[in-house]
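Taking it in order: structure first as structure tokens, then the write-up.
Read the figures in this text as sums done on the coordinates, not as results from a lab. Keep in mind it's a predicted model, so treat the numbers as computed, not measured. When we count neighbours, we look across all protein chains shown, and the Cβ atoms used for this are built from the backbone with ideal geometry, even at glycine.
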Amino acid sequence: MKLVFSLDNVICTPPKGIQYGVVEYIKNAKPIEDVAEFINWAYKNHEIIIWAERPNDLAVKLATEDWLQLHGINYHRLLLDRPKRPVFVDETPSHAKFYKHIGDLSIVSELYEEWKNDRQQEQRS
């Protein structure tokens with residue numbers, strides 16, 4: 001199983017007053033109790049992906065990798081530039097209405113219906 005963890009506020013508590021992406025921010029972040037142990041336990045049988053909202057910048061990436069190593073957090077993959085509140089489209093939009101009870105597909109279904117209505121109105125004009 002793939003387990004995808006957010007970094008800030010899930011694995012670490014960000015220090016106050018320092019902006020995201022700043023290397024000082026990363027160095028001063030504190031690990032949240034028990035999370036490292038849980039991740040390392042899960043690492044034995046699952047793929048661990050850490051997806052951070054931090055910018056995709058080499059200095060930020062290296063500082064984040066150093067922080068994870070310093071705190072003994074094992075992972076398979078580190079991803080940066082996580083969008084805030086994404087809507088995941090993992091079904092063909094025209095089929096989303098059949099699965100709208102699952103995850104974000106209700107949003108996709110609504111958007112698809114809105115698009116179809118807009119398209120019909122444009123065709124009539």
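Quick notes on this structure:
- Over all orientations, segment 2-79 has a Cα convex hull whose mean projected area works out to 4.5 square nanometres.
- Here the chain is treated with +1 on each Lys and Arg Cβ and -1 on each Asp and Glu Cβ, and its dipole about the Cα centre works out to around 60 debye.
- Highest-first arrangement of 98-106, 61-69, 116-124, where packing means the average Cβ count within 10 Å: 61-69, 98-106, 116-124
- Three principal axis extents of segment 75-117 based on alpha-carbon atoms, in descending order, are 42, 17, 14 Å.
- Under-18-angstrom lysine pairs by C-alpha in segment 1-89, whenever the two are 8 or more apart or on separate chains: 5
- The antiparallel fraction among DSSP beta bridges confined to the chain stands at about 20%.
- You can think of it this way: the chain between D81 and A42 has 11.6 nm of extra reach, that is 0.36 nm per residue less the Cα-Cα gap.
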